[in-house]
Each structure stands twice: as C-alpha cells, then as structure tokens.
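A short write-up of the structure that comes next.
The values are calculated or read from the model by the stated rules, or taken from the named source; none is laboratory data. Just so we're clear, the structure is a prediction, and the values are computed from it rather than from any experiment. Here the Cβ positions follow ideal geometry from the backbone for every residue, glycine too, while neighbour counts run over all protein chains shown. We work out accessible area using only protein heavy atoms, side chains counted, and drop any ligands, DNA or RNA first. Shrake-Rupley method; radii C 1.70, N 1.55, O 1.52, S 1.80 Å.
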Amino acid sequence: MKCTLTFVLFFTAILLHAQPKQENESIAAKTAQMTKLPGLFNLYWESKQGKLWMEIEHFEKDILYYSSLPVGVGSNDLGLDRGQLGSELVVRFQRIGNKVLLIQQNLEYRAITKDSLELKAVEESFAKSVIWGFEVALEEKGRILVDATQFFMRDVHGVAQAMRRSRQGAYQIDISKSAFYLPNTKSFPNNTEVETILTFVGSEPGGYLREVVPTPENVTVRMHHSLVLLPDINASNAYKPRAFDPRAGYFPMSYMDFATPIDQSIRKRFITRHRLEKKNPTEAKSEALKPIIYYLDSGTPEPVRSALLEGARWWNEAFEAAGFINAFRVELLPTDADPMDVRYNVIQWVHRSSRGWSYGASITDPRTGEILKGKVTLGSLRVRQDYLIAEAFLSPYSTSNTISSEMKQMALARLRQLSAHEVGHTLGLAHNYFSSIRNRSSVMDYPHPYITLKDGKIRFDSAYSIGIGEWDKISIRYGYESIPSSKDEKSELKKIITEGIKAGQLFLTDQDARPFSSSHPLAHLWDNGSNPADELKRLLQVREVALRQFSESAIQMGEPLSRLEEPLVPLFLAHRYQVEACAKLIAGESYSFKLRGDDSHELKIVPRKEQLAALESLLLSLEPKALTISESILKLLPPQAFGYNRTREYFPRKTGDSFDPVSAAEVSVNHVFALLLNEERLTRLVQFHARNNENPSLLEVLNLTQKFIWDRELKEGLEAEIGKMIQSNYIIHLGKILSNETVSTQVKAEIRFHLLGLKASISKKNKRNGKFESHQQYALFMIEQSLKGELKTGSQVLPQIPPGQPIGIFDYQEGFGCHLSERN
C-alpha cells in the first residue's frame, strides 16, 4: 500500500510539472526577459535558450508562406544561388486542442460561389497538407504563444535534397552548428521575416561542393522564412485578375472551378502581373496610385551598376504606352533593406564559381496571380563571357592589355538588355523568340551578338539592340492597361492583341524555339536576321575572317598561351545557334496560338524552296575547309600550362595533352548532324512529302547531303582527315537512327535504302580506282553494322560539344518551377 501511494504521488508530481504554466500567467510575463519583435506575428527572442517564440492571433486567415536562400552555395550546377526564392504556399493557422496546425490550402481545386454546401463539397473532395504542428505554450484572449524554434530551424528550402540530387553526398542539419540570424529576423505589420544559419554535415562530398565550400563536409548557408498577410480578395478594392490569352505573352496561373456552369470551361486561367492602378482612371495618361519600384543590389560595381539601372528602366516606356506616367522606377536598394523582404522587388548581383544562368523569379499570390515580389538574379560572370567573345573575334591585345572601348560598350550593351529581359519575367512576361526576325522587337528574346564586317574589319557596334521593343509595349498594354468600367474588358484586350497581329507581331515561346522538338521555322534561341539560312551564310563569312585574324593577341600579355583555347572555342563555334535556326526550316511548320475566330496565321509548311535553301546553308557549315583550324593557330596551342586546369569549356580531345583539331571539328559536325538527322524532323519529312509531293522527301534530303559529303574528292592533309571524319560521322548518325526503337518504320526503311545506295557508291568508286582505302573499307564496315542495327554509337564515338548558350552551362534546360525556368 505504501509503495502504491508513493507511486501515485510521484506520478502526480510529474503530471503537475508537465502542465503548462498557471492559467493566469500572461504572455507579457512569460516573455518579459525576451526581446520582442512586434508585427504581423509577434516574435520573442529568448537568447539564453536560443529559442524563438511566436505569438499567433491570425486564425483562419490566408497567409502566404515561402522560403528563400539569402546566402547560397556559389555553384551554378547545384542551383543553390544567393537570393533564390522557394515555392509559395497559402496557409492558415488552426487551433485544435493543445495544438495549432499550419495547414496548406489546396488551391488547385476550387468553387467560386457563395453556396456553402458547394464550397464544402469541393473542400472535402481534395486533400490539404498540414505543414507543421505547434504545441500551445500559453493562451491569452485569443492569442497563442508557441515555441517556433524547430519550425524555423529546418531545411524548408530543400538544400540537402538539392545536394543529393546533384550527387554531392548525403547531408543533414547539425543543430549544434546552426542558429538564428537575428539581423534579418524582423516583423512588420503585414509580414514577418525569420532568418537562420544552417550547417549541413555529410561525408564524401562531390566535386561541386569541394570546389566552393572551404570545408565541404560542413556546408553553411542562410535560410529565410517569410510569412505574409495576403490581401482580402473580397474587399471592394481587391486585386482584379486578368484573363489569360495564349497570344499575349504572359505566364498563366490556373485552377479548376467546380462551380462553373456545364457549358463553360472548368479550367480557369489568368495572367500573373503586379497590381497597378491609375490615380485618375478616366484620364488617358495618369500617375499610378502605387508605382512599381525595383531596387538594384548596392553591391553591384560600376560601370555594371549604371548599365543595369538603365536597362531595367527601359520598361517605363512600355508602361507609358499603357497609359501610365512614371509608374515604373528603378532605384538602389537602401543599405538597411533586406533583399529577401517581400516588400522589395530586387535585382540582385550574384556570384558563382562558374558562369551560369541569370533568371527572373516572382512571389505570386496563388489565389489570384498577383505578383507580390519580383526577384531578379543576375550572374556576375555574364559580362566576362561577352568580353571573351569580343577577345575571340577581335584579338585586341596586340600592343597593350587595355580593354578597347568597343569591347566595353558591347559588354555593357548586353547587360542592359539582360537587365531588361529578367525584369520582364518578374513583370509576368514569358520569352518571345519570334522577336529576332522582327528586327529585335522584344527584349524577351535571347539575343546573340550581331557581329558585322566593315572594310574587312570585325565590328560590334550593332551587337545588341537598345531600348524596349514594340512587342514589349503590346504585352505590357495587355497586362497593365487600365480598362474603364464602361467598356467590355474582354473586347478591349482582344483589340490590343489584334492590333499587334496586324502590325506583324506574334508571340512564340520556349516550346516553339527548342531546336530538336519544335517545328516552328521562325522561333529560335540566340539567332539573328529575318532569314535564318541567309544569316548562317553571312555569319560563316564573319567567322572565317575572325579565324584568319585570330592570334596570340586574343589573350593579354603575360597569360599562358594554352589559355588561347578559351577564346577559340566561342569563335570556332560562333555559328552553332544559327545552325539550329537554319535546321528548323527543314520540315518546318509555321503556326500561331490562334483562337477560333481569329484572322491570324494559318498552319503552313515551309515552302520547298526555303527548305532546300536552308539545307544548302547547313551543308556549308560542314565544309572541311571551314572546319580546319589553320596551322598558324595550331602552333600557338601548347599543352596546358602548369597551375592552369582544363575545364569543360575546352574542346574534347583524343590526343592526350596535345590540342586535337579533328575533335574540335567533330563536335561542330555532330551538332549539325544531330539537328539535321533528328528523328522528329525526319518523320515530318516523310509525312509532309506524303501530304504534298512538292515538299522535299527524306530521300531527297539524304541524297543531297550524301552528294555534298561523299561524292567529291578530298584534299590532302588535315582538311582530308576532317573530311573523312565528316563522312564517318554521317554513317554513325544514320546507324543510331536504325538502332533506335522509337523511330518510325518508314524513316528506317528510307534510311536503310539510302545506306545501301551509299554502300554501292563507295564500292563502285573504289573498284574503279582498283583499291580499297582503309577509311572507305571502314565506312563499308560501319554501313554493314548499321544495317544490322549493331553499330556502336556511344558517347566515346560522339564527343560532347563544350557548353554553349553564351551565358549558360546547360543548353536545353526545361522547367524549374515558378519562373526559374525563364533564364537568360
């Protein structure tokens, strides 16, 4: 009995000790010794315990929650950049017993109705997500105090997952090496910002981490949490969503509305844009109630700073065309402002260990599409890549190491365009790759420097366009022009698009510009000119002159000569993107995002004459002479100097330390063949010819290519070796198609027929000469292997082309969530 009583008393004492503080204890008393940060959510910093307490009184209200990365890792390949934004979640706090649940709303499925039962039916049909559960520490008059330390000290941004995905090792947070970052932990009336220092520990770090982290087993970053009170969507002055139109050039947001009448589309689509309203709605031109202001990172050096400010400010001209006066401004970020704070639209200057993408991202209200914060990330190495291109074409250091004015102005011109481009994304705009054939009518295109010849000299004075384009004004009008309540908004918006179409302005974006999957002949990345085939010929001539002039003056005095390969790569491959544009004319098909009832462009196959002209230009890029690096250049390219490492930016080689001119040519050749002999393109050739025999057939294209590559005598020397390589690679690419199970049988049948003809032609030619040369014998062997589907075509046969896209490591990235796919 005594033992039992002792146990009961002991257990009761434990329960009493575990109970919350006395019910009459106030939050003020509990937090008296803590530092209070008042705002949307009052924060209390308990320094002795290293804890952060949070006071919650906003229940059943829509709160926007997102993460960001104020301090990144510094590797383009990892993608964990300084200032990177995470995904937006609309959440609500809900009190249940001794817990407060943070619940993410499911906004993909809605019912836009006042009928409570209809709302309930949708809400109960789809799951929500509980993001976190807080334990109630104190409650006072509807206000609840919780210990939020663990909530904020977690990897909400997915840093460990990103490192694992990049095969950099398995990492997890070490709390003993982590803490709150108090200078950027603040609370304001409509937003609360919390920042932490997180250290991720792991073993066997990958190469990317070893390159940028001083002790790669301990990766320390800063992570930011933002809680933002969302505007009342039922208020009289609430933001009004604007309908999405696929012709207008805006990113869409969408959801399913189950309250939609059966005769209407259940999928609702709206554009993403900032809120912008006129002070005087009845005036044709008016100042804005609240102008859109962007802030440039004060850590940006001159003259880059001035160039970025000027380029971003171009957008004010587009807003003036939409009826606003001084509604778009760009200023320097105040020194005491936090760039992660949702109240600031920011253009941030970001450093990485290697060149990489710049991009425009946004924080958007998922309920309406209203952009709350624009965030531009500009890679600082971009300007150096432009200098490298200029060094390659100009070989400017013949007498001194001084950078010429022409080089400087070209690089700054590109930065202005880049700043405008990425800000455009954060205004809601997608890429428009139709722009380049319309005299650069949009900054939302990807521009390649337009390099010209004047009196035999390379010129960069027209490299990049200046100012906002005509398409940009049309798209801003669609998204931001104030439509009087007396007029029908749908009709007025349609007028804007129709006017643009009549002026020859179209919108074609990423899906239409990809060189392998898309068939559109007028949407391309990094191209120039109104006629891709003619521009390719012109660019090959400019490239030829630049290669003749290329010398050791392409690098500064005192640099190792082995560094000459760095500028040689972008010069030798200067035509790579114009090749892509030219190839898209072959079996190309033009179209627009036409709506029923439009008078815009019909679906139309590229005329035969234009297709064959494109093939002719494309084959000129396979001319052995054009791909043979001169002996005068080869004598300047020694093995890599001690202390200087070869990188992926260099040409591949099969010659050990020595420079390999054949492999340099081979990467260009394989690039052309990959485009020309793309399986989708070959299938379109077969089908388009079947629909109308005026269109070129697959066999016609193959026979013309064979005639150019095989049916002529090869010269002696290095040019002959490159000619043989071209011939061999042609067979390899055809063999790859025959061994590909996804290729249509008719394409395979015609390629097989073509290879049999090529085999007969090679055999006949060699019998006539009375001998079989080793190269031709091996060609016959490869044809036999191809016909059997046994030709080995691994990566060791087809060397990889060095990274391209003048400013990016990866050529064809697709999708990254938010607007992060919109990179430049």
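Residue by residue, here is whether (1) of a type in the set (Ser, Thr, Tyr); (2) open to solvent by 30 Å² or more (accessible area, probe 1.4 Å) holds:
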residue	(1), (2)
Leu101	no, yes
Tyr109	yes, yes
Val122	no, no
Gly142	no, yes
Phe152	no, no
Lys177	no, yes
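Scan the range 535-545 and tell me whether some residue there is under 22 Å from Ser475 (Cβ atoms) and either open to solvent by 40 Å² or more (accessible area, probe 1.4 Å) or in contact (Cβ under 8 Å) with a residue 24 or more places away in the chain (or both). Checking the range 535-545: not a single residue is under 22 Å from Ser475 (Cβ atoms) and either open to solvent by 40 Å² or more (accessible area, probe 1.4 Å) or in contact (Cβ under 8 Å) with a residue 24 or more places away in the chain (or both). Taking every residue in the range 196-221 that is under 13 Å from Lys177 (Cβ atoms) and free of Cβ contacts under 8 Å to residues at least 24 places away in the same chain and pairing it with any residue that is small (Gly, Ala, Ser) and open to solvent by less than 70 Å² (accessible area, probe 1.4 Å), at least 6 positions away or on another chain, the pairs with Cβ-Cβ distances below 9 Å are Glu217/Gly169; Glu217/Gly202. Residues being aromatic (Phe, Trp, Tyr) and outside any helix (DSSP H, G or I) are represented in the range 640-647 by at least one member.
Restricting the first member to the range 553-568 and to residues that are in contact (Cβ under 8 Å) with a residue 40 or more places away in the chain and open to solvent by 10 Å² or more (accessible area, probe 1.4 Å), and the second to residues that are part of a loop (DSSP other than H, G, I, E, B) and acidic (Asp, Glu), the beta-carbon pairs closer than 8 Å and six or more apart or on different chains are Glu566/Glu649. Just one of the listed residues (Ile325, Ile371) is under 25 Å from Lys278 (Cα atoms), open to solvent by 10 Å² or more (accessible area, probe 1.4 Å), β-branched (Val, Ile, Thr) and modelled with pLDDT of 95 or more, and it is Ile325. What pairs come out if I take residues in the range 85-111 that are without any contact (Cβ under 8 Å) to a residue 60 or more places away in the chain and pair them with residues that are acidic (Asp, Glu) whose C-beta lies under 6 Å away, six or more apart or interchain? Close Cβ pairs (under 6 Å, with a partner that is acidic (Asp, Glu)) amount to Arg92/Glu60.
Looking only at the range 750-761, residues that are open to solvent by 50 Å² or more (accessible area, probe 1.4 Å) and free of Cβ contacts under 8 Å to residues at least 40 places away in the same chain come to 4 in all. Consider the range 476-490 and keep the residues that are at pLDDT below 95 and of a type in the set (Gly, Ala, Ser). The one that is nearest to the chain's Cα centre (by Cα) is Ser485. What do you reckon, is Leu755 outside any loop (DSSP other than H, G, I, E, B), modelled with pLDDT of 95 or more and more than 21 Å from Leu618 (Cβ to Cβ)? Spelling it out, it is not the case that Leu755 is outside any loop (DSSP other than H, G, I, E, B), modelled with pLDDT of 95 or more and more than 21 Å from Leu618 (Cβ to Cβ). Here is the figure for the range 718-738: residues that are open to solvent by 20 Å² or more (accessible area, probe 1.4 Å), touching a helix residue (DSSP H, G or I) at 6+ places or on another chain (Cβ under 7 Å) and closer than 15 Å to Leu682 by Cβ total 1.
So which residues in the range 245-262 are farther than 27 Å from Gln505 by Cβ and either among the hydroxyl-bearing types (Ser, Thr, Tyr) or part of a loop (DSSP other than H, G, I, E, B) (or both), if there are any at all? Once the filter is applied, which keeps residues that are farther than 27 Å from Gln505 by Cβ and either among the hydroxyl-bearing types (Ser, Thr, Tyr) or part of a loop (DSSP other than H, G, I, E, B) (or both), the range 245-262 yields Tyr255, Phe258, Ala259, Thr260, Pro261, Ile262.
Check every one of the helices (runs of 4 or more DSSP H) wholly within the range 106-195 and list those with 1 or more residues that are within 30 Å of Val71 (Cα to Cα). Result: 149-152, 159-165. Assess whether Glu700 counts as being within 32 Å of the chain's Cα centre (by Cα), in a helix (DSSP H, G or I), at pLDDT 95 or above and not β-branched (Val, Ile, Thr). No, not satisfied. Counting only helices (runs of 4 or more DSSP H) that sit wholly inside the range 403-514, those with at least 2 residues that are touching a helix residue (DSSP H, G or I) at 6+ places or on another chain (Cβ under 9 Å) and either of a type in the set (Val, Ile, Thr) or open to solvent by 20 Å² or more (accessible area, probe 1.4 Å) (or both) are 405-426, 470-480, 489-502. Does Leu787 satisfy the condition of being of a type outside the set (Val, Ile, Thr), at pLDDT 95 or above and open to solvent by less than 50 Å² (accessible area, probe 1.4 Å)? It is false that Leu787 is of a type outside the set (Val, Ile, Thr), at pLDDT 95 or above and open to solvent by less than 50 Å² (accessible area, probe 1.4 Å).
Here Phe516 clears all of (1) touching a Phe, Trp or Tyr at 6+ places or on another chain (Cβ under 6 Å); (2) at pLDDT below 95; (3) hydrophobic (A, V, I, L, M, F, W, C) except the condition numbered (1). Determine if the range 279-292 includes at least one residue that is out of contact with any Gly (no Cβ under 6 Å at 6 or more places or on another chain), crowded, with 19+ Cβ neighbours inside 10 Å and at pLDDT 95 or above. Yes, the range 279-292 contains a residue that is out of contact with any Gly (no Cβ under 6 Å at 6 or more places or on another chain), crowded, with 19+ Cβ neighbours inside 10 Å and at pLDDT 95 or above. The residue of the range 571-597 that is most open to solvent (accessible area, probe 1.4 Å), among those that are farther than 16 Å from Asn528 by Cβ, of a type outside the set (Gly, Ala, Ser) and out of contact with any strand residue (DSSP E or B) (no Cβ under 6 Å at 6 or more places or on another chain), is Arg596.
For the range 739-749, the tally of residues that are surrounded by fewer than 20 Cβ atoms within 10 Å (Cβ to Cβ) and not in a loop (DSSP other than H, G, I, E, B) stands at 4. Name the single residue that is most open to solvent (accessible area, probe 1.4 Å) among those in the range 339-368 being basic (Lys, Arg) and either in contact with a Cys (Cβ under 8 Å, 6 or more places away or on another chain) or farther than 21 Å from Leu209 by Cα (or both). Among them, the one singled out is Arg343. Would the range 601-615 turn up any residue that is open to solvent by less than 20 Å² (accessible area, probe 1.4 Å), outside any helix (DSSP H, G or I) and modelled with pLDDT of 95 or more? Yes, the conditions are met somewhere in the range 601-615. The set of residues in the range 77-99 being assigned to a strand (DSSP E or B), open to solvent by 20 Å² or more (accessible area, probe 1.4 Å) and farther than 16 Å from Asp62 by Cβ consists of Arg95, Ile96, Lys99. Within the range 198-244, the only residue that satisfies the criterion of being part of a loop (DSSP other than H, G, I, E, B), basic (Lys, Arg) and surrounded by 15 or more Cβ atoms within 10 Å (Cβ to Cβ) is Arg242.
Scanning the range 263-299 for residues that are in contact (Cβ under 8 Å) with a residue 60 or more places away in the chain, closer than 19 Å to Lys373 by Cβ and part of a loop (DSSP other than H, G, I, E, B) yields Thr272, Arg275, Leu276, Glu277. Has the range 365-372 got any residue that is of a type outside the set (S, T, N, Q) and part of a helix (DSSP H, G or I)? No, the range 365-372 contains no residue that is of a type outside the set (S, T, N, Q) and part of a helix (DSSP H, G or I).
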